[in-house]
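This report concerns only the one structure given below.
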Amino acid sequence: MTRPAAPRRIAASWLRALPKAELHLHLEGTVSPETLVELSQRHDDEGLTLTEARSLYHYTDFTGFLLAFKAVSERLRTPEDYELITFRMLERLAAQGVVHAEAYVSVGVVYYWRRIEFESLFHGMEAARVRAEQQFGITLYWIFDAVRHFGPEEAARVFRKAAELRPAFPSILGIGIGGDERRAGAEPFRELFQEAQDAGLRLTAHAGETMGPESIWAALNIGAERIGHGLSAQLDADLMEVLAERQIPLEICITSNLRTGCCPTLEEHPVRRYFDAGLMVTLNSDDPAMFESDLQDEYRLAHDSFGFTGEHLRELAANSIEASFLPATRKVALLHQIEQVK
Ligand code: ADE
Ligand code: ZN
């Protein structure tokens, strides 16, 4: 890979000090095998061993990854479980200098596979959110994620629950579609996206992770404001132009793409090309416990393997704030803090 001249090595303390937002993170994908063991001891007559828990995280391709995600999600049961995993997620984020996160929660998985009501689980998540904000100063918005290959009817239940709960819980900021693009495009979700937007919810979509640029076009066409992954945009010059012109934020997740096999090698990852083409790139960790990485690692990887300098990383951190759904006043304050980091 041709790279710019090697930049000065960035200190971990500097990366940590840089205020950052994490915009593409699945709550369930932050649960470590150790936490699963702890939860299993709460619920099961014969608790999972750490080896058994770790074996749930093994996969060799994207389909296997989705199954692993489901296996972990299915072991989350009570409001107290959701409280614990939310608190741990926020504790780890705060330790990396993340000042704000917008986390997906797979409400679609809860409804479809577990057939239980989500609301009481959400109360646990909220309790942890409030406690972590008091303790660490980190803020969190929730994005209710539907599983696209379960179809629009299931997604409707997810999005309508977000709209129903939002007046009482303003931390619910948006909705999204995750899951397997190869089995479901974005178009069937058009009306539901409109309905969600009318309810004041912000719109996101995973797109161009396992499918071509047509999947990203479809997500944009139904109103997605941010694109999760967007790997295949590189194959379509017109799309690249539109993404640059409209400054559509891309939630880039480099390690995730490598681990799921969606991007075969590090050298082929388009993150640097996107940045150089003026696209609105943000770095994210997706499912850190399943990829053995975290957001700080993603910034480190961008520096070490793609030649992003300290000033570039500062720009990526600023992008994460600008692309967030935070109010303008907080964005301005955080952008100012980013400029001040020495
Ligand atoms: N759910 C959790 N992580 C995901 C990903 N990377 N793509 C689609 N669905 C997901
Ligand atoms: Zn994701």
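Measuring from label point to label point, each 7 Å out along Cα→Cβ, what is the residue 54 to residue 292 span in nm?
Once both label points are built, they end up 0.9 nm from each other.
Please go through segment 205-265 and write out the trypsin sites (Lys or Arg not before Pro) that DSSP classes as loop and that have at most 12 other C-beta atoms within 10 Å. Walk me through the numbers before you get to the answer.
Details: sites: 226, 246, 259; in loops: 246.
Sites meeting the loop and neighbour criteria: 246.
Taking the solvent-accessible surface of protein heavy atoms with a 1.4 Å probe, what is the per residue accessible area of the chain in Å²?
Working: 13780 Å² over 342 residues.
Using a 1.4 Å probe on heavy atoms only, each residue of the chain averages 40 Å².
So what is the calculated 222 nm ellipticity per residue for the chain, using -39500 (n - 2.57) for each DSSP H run with n of 4 or more, over all residues, to the nearest 500 deg cm²/dmol? Don't skip to the end; give the middle numbers.
Numbers: 16 runs with 165 residues, N = 342.
Value at 222 nm, helices only, nearest 500: -14500 deg cm²/dmol.
With a cut-off of 14 Å, note down the residues of segment 97-136 whose backbone N falls inside the zone around a label point 7 Å from the Cα of residue 199 toward its beta carbon.
Within reach of a label on residue 199: 107-108, 118-119.
Loop by DSSP (not H, G, I, E, B), at most 13 other beta-carbon atoms within 10 Å: where is the longest site-free stretch of the chain for GluC sites (Glu not before Pro)?
118-291
Dividing the Cα radius of gyration by the Kirkwood radius, what Rg/Rh value follows for segment 22-80?
Values: Rg = 11.8 Å, Rh = 12.1 Å.
Ratio of gyration radius to Kirkwood radius for segment 22-80: 0.98.
Using a 1.4 Å probe on the protein chains only, how many percent of the accessible area of segment 39-130 belongs to carbon and sulfur?
Carbon and sulfur: 51 percent of the exposed surface of segment 39-130.
What is the Å³ per residue value for the convex hull set by the Cα atoms of the chain?
Numbers: hull volume 44.4 nm³, N = 342.
For the chain, the hull spanned by Cα atoms encloses 130 Å³ per residue.
Counting Lys and Arg as +1 and Asp and Glu as -1, each charge on the Cβ, what is the dipole of segment 228-288 about the Cα centre in debye, to the nearest 20? Before the final figure, lay out the partial values.
Numbers: 4 positive and 10 negative charges, 28 e Å.
The calculated dipole for segment 228-288 is roughly 140 debye.
Segment 220-279: percent of C-alpha pairs farther apart than 15 Å? Working shown, then result.
On the way: 818 of 1770 pairs.
For segment 220-279, the fraction of Cα-Cα distances above 15 Å is 46 percent.
The values are calculated or read from the model by the stated rules, or taken from the named source; none is laboratory data. As the structure is a prediction and not an experimental result, all values here were calculated from the model. Reconstructed Cβ throughout: ideal geometry from the backbone, glycine too, with neighbour counts over all protein chains shown. Accessible surface areas use protein heavy atoms only, side chains included; no ligands, DNA or RNA. Shrake-Rupley method; radii C 1.70, N 1.55, O 1.52, S 1.80 Å.
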